[in-house]
Structure formats: C-alpha cells, structure tokens
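Bear in mind these aren't lab numbers, they're just calculated from the coordinates by the rules spelled out. Just so it is clear, the model here is predicted, and its values are computed rather than measured. Note that each Cβ is placed from the backbone with ideal geometry, even for glycine, and that neighbours are counted across all protein chains shown.
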Amino acid sequence: MCPQTVRNEAPSDDKRWKIINATMRRNGDDSHALIETLHSVQETFGYLDDVALSYVAKSLRTPLSRVYGVATFYHFFTLKPQGEHSCVVCTGTACHIKGAQALLSAIKGSFGVAPGETTADNKLSVISARCIGSCGLAPAVVIDGNVMGNLSPQTLVARVEREIG
Amino acid sequence: MTRITLTIDGETVQADEGTSLLEVARKAGADIPTLCHNEQLKPHGACRLCTVEVVKGKRTRLVASCAYPVEEGLVVRTSTVEIEKHRKLLVEMLYPTALHLAKRYGITKSRFEAERGDCNLCGLCVNYCREVAHRNVLYFEGRGIDRKVAFVPGKAQECSSCGACFELCSGGFVVTNHGTVSLNERI
C-alpha cells in the first residue's frame, strides 16, 4: 500500500467533490474506505450515480464491480435522485398492527408512489422502514426527519400535502 | 508441510495441512455433490451441498467440506441419512436449476415457489471473473431475496472477448444476459 501522490481528476468542477476527496484522504485513499466514501457521496449529492461510483472506484483503486456490489447491498445508498421531501413509513410489527399498510395505500392513492419510489415532479420520496423505534407512537411516519405518531391515513395525507406545498 | 491424519468414512487417510475436507474426501473416493465449487477458485461455501458430518471430541456437526481445512484426528462421515436428507432438501430448493442433481436425488417437482431457471446464485461466474479472469465485470447486486448477478454498466461487452465463465454457468444466465443489462435500464 503506497500513498497516492497524484489524485484522479474529479468528474466536474463541482466543489462538492472536495468533500468526497477529503473523506478518501482521511481514510488513507485505500479500498477499505469504500463504505465511508459512499456515505460521503450519498450525504453530499443525495444519491450515487454512475459517474460518482466510477470516480470512487478509480480513486480508491477498487474494482467497479465491488463498488456496485456495496452500493446496492445497503439500503442507505440510493442509486437514483431522491425527492425534495422524504416520507419514511414504519412497517415494523407495532405499526403494522396499527395500520401501516393503510397509510401506505393512502399515500399510493393520493400521490401515486409506493415505497422506494419518487413522485414524477421530484417532490416526494416514500420509503418503508422496518422499525424506527417509536413503537409507542404506532403507526409512525418520519417526514423530513420529524417523527409523527398515531396517524390516520387522512391526517398523514393532509400533513404530507402541507409539507410538499 | 505438515501431514495430517484423519478418518474419512472409516478409513484413515493422510493429507497436507491446509487442504480442504472436500478435496481429501474426494481423493479418498467419497462421492460428494457440489455446485459452487471450482478448483481454480477460493471456497465460496454458498451451495452447502458438500455438507459432511464432522466428529470432533464429543460433538458432531454438519459443516461445508469445501471451506473446512483438514484437522488432526478428525472423524468425517460423507454420507449419512441426515446428510442425504439435507442435500435432498437443498436440491429441491434449487429446482428448476441444477437438474443433474435433481435427477440424482429423484426430484421432479419442488414444494417451493420456482424462481428464475437460469441462475441460482452459485457465484461461479462472479468469483471467476474476479479471481481468475481479473476483469471484474460481474457482481452481486442487492441482498437477500433481491440478490442477483449483475453486470457493471459499460463493461458487459468485455464478456464477448472473454467468455471464460460461460461454460461454468449451468443455467446459461451469463451467456444470455451479457451486454443487455445496464444500470439505467434497472432503475
């Protein structure tokens, strides 16, 4: 393992690549920094695209196949752009009993998106989570990072409509 | 290299340290079925068909022989009622792939919902691509029930000039799909 002296050229002039480069440098520019680097890309750009994945693979001298394998393995990473707002519906045991499926079908009915999908206008992404640890609030939903509990399909749809304007 | 003495199906055999149980047992004449094993590759341990019974002290365990290095004084049984039952169940779950094994175990239908017939995720192509061909075109995408073999976008045409894994693939997945799958099509 020899330290890399010449850094690969970033794919564009975008200043955000500097954040990615810093993450890689901090972790020794080596293949073991892969997950950390992908986290950085995900947080900075919001998703992982082909260009970013190739750049990471090249910079960390890791096969692109490995990068794709890791990126598709973890639910945290998304390969497509996410909407402006996120709505995480908990489908854990408690929320399931309290009607999480009704919430999901209400969202599907009102906005036409199923878990893992984003609306065509890029306003809303719906994600289903296995348990968000707020079982006392079942059925619970996280809208843009704020946990909301004891929801009925109507209140959820009204709340989401208010959020996305 | 240290020689190790162990017992396989009642016969005492000797083997070099570091060799796998599967290799030693096959050399000793045992007929152990495998799916994901290939001598050129590192043990993958995915198919579990090479499962054997290992007696160590008072404990008896079922282990995947391809990934189990020989140990001094080990007592190994390669075919018992329990092992055959285990293998038969695995082959049934693999159905409708691995038909040569299905024939051997007399399986003509499966109690489990049939998945795709051209790939059973044995990993031979992925591992061969990485370890022997050094091309890194193939990878496992996703996980759990969503796991599948995929091609790195833009690299799949390399398969036309290599194709070394084509004959390893029993279901024909790589042969029929190389060059047809891209990331943009998937999402």
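May I ask for the angle, rounded to the nearest 10°, between helix A:100-111 and the longest principal axis of chain A, with both axes built from Cα atoms and the value confined to 0 to 90°?
Value to nearest ten degrees: 80.
Hey, got a sec? Which GluC sites (Glu not before Pro) in the stretch B:70-142 land in a DSSP loop and have at most 12 other Cβ atoms within 10 Å?
Qualifying residues, ordered by number: B:72, B:113.
Sequence neighbours fewer than 8 away in the same chain don't count; with that in mind, list the aspartates and glutamates whose C-alpha is under 14 Å from residue B:109.
Output for residue B:109: B:92.
Mind pulling the per residue volume of the convex hull built on the Cα atoms of chain B? Å³ is fine.
Looking at chain B, the number lands at 135 Å³ per residue.
Could you let me know the centre-to-centre spacing of the stretch B:7-69 and the stretch B:146-165, using Cα atoms, in angstrom?
If we compute the Cα centre of each part, the gap is 31 Å.
If neighbour count is taken as other Cβ atoms inside 10 Å, put B:151, A:45 in order from fewest to most.
Lowest count first: A:45, B:151.
For a 26 Å ceiling on Cα separation, which of these pairs sit above it: A:58/A:80; A:58/B:155; B:58/B:85; A:98/B:148; A:15/A:108?
Result: A:98/B:148; A:15/A:108 exceed 26 Å.
Whole-Hz ³J(HN,Hα) for each residue in the stretch A:81-97, computed from phi via Karplus 6.51 cos²θ - 1.76 cosθ + 1.60 with θ = phi - 60°, x for glycine and proline: what do you get?
Each residue's phi maps through the Karplus curve to give x, 8, x, 4, 10, 10, 9, 9, 9, 6, 10, x, 4, 4, 5, 4, 4 Hz.
Shielding of B:141-154 by partners, i.e. mean partner chain Cβ atoms within 10 Å per residue? Write down the numbers at each step before the final one.
Working: counts 7, 4, 5, 1, 0, 2, 2, 1, 0, 4, 2, 11, 5, 3.
That average works out to 3.
Please list, in order along the stretch B:49-64, the HN-Hα scalar couplings obtained from phi with the Karplus expression 6.51 cos²θ - 1.76 cosθ + 1.60 (θ = phi - 60°), rounded to whole Hz, x for Gly and Pro.
Result, ordered by residue: 6, 7, 3, 10, 9, 10, 10, 10, x, 9, 9, 10, 9, 9, 10, 7 Hz.
Stick to the Cα atoms of the stretch B:124-186, pair each with every other, and give me the Kirkwood hydrodynamic radius in Å at one decimal.
11.7 Å
Which of B:100, B:37, B:86 moves most in a GNM of chain B, Cα contacts under 10 Å?
Of B:100, B:37, B:86, the Gaussian network model singles out B:100 as fluctuating most.
Within 10 Å of each candidate Cβ there may be at most 14 other Cβ atoms; applying that plus a DSSP loop requirement, which trypsin sites (Lys or Arg not before Pro) in the stretch B:37-138 survive?
B:58, B:109, B:111, B:116
Could you calculate the contour length gain from residue A:75 to residue A:147, that is, 0.36 nm times the residue separation minus the distance between their Cα atoms, to one decimal place in nm?
24.0 nm
Please state the equivalent ellipsoid semi-axes for the stretch A:35-80: what are the square roots of 5 times the Cα gyration tensor eigenvalues, largest first, in whole Å?
Semi-axis lengths for the stretch A:35-80 are 15, 11, 9 Å.
I'm a student and want to see the number: the projected area of the Cα convex hull of chain A, averaged over all directions, in nm².
10.9 nm²
Which residues' amide hydrogens lie under 5 Å from the amide hydrogen of residue A:83, considering only partners 5 or more residues apart or on another chain, with H built in the peptide plane?
Placed amide hydrogens put A:125 under 5 Å from residue A:83.
Cα centroid distance between the stretch A:1-66 and the stretch A:72-127, in Å?
A separation of 29 Å, based on Cα centres.
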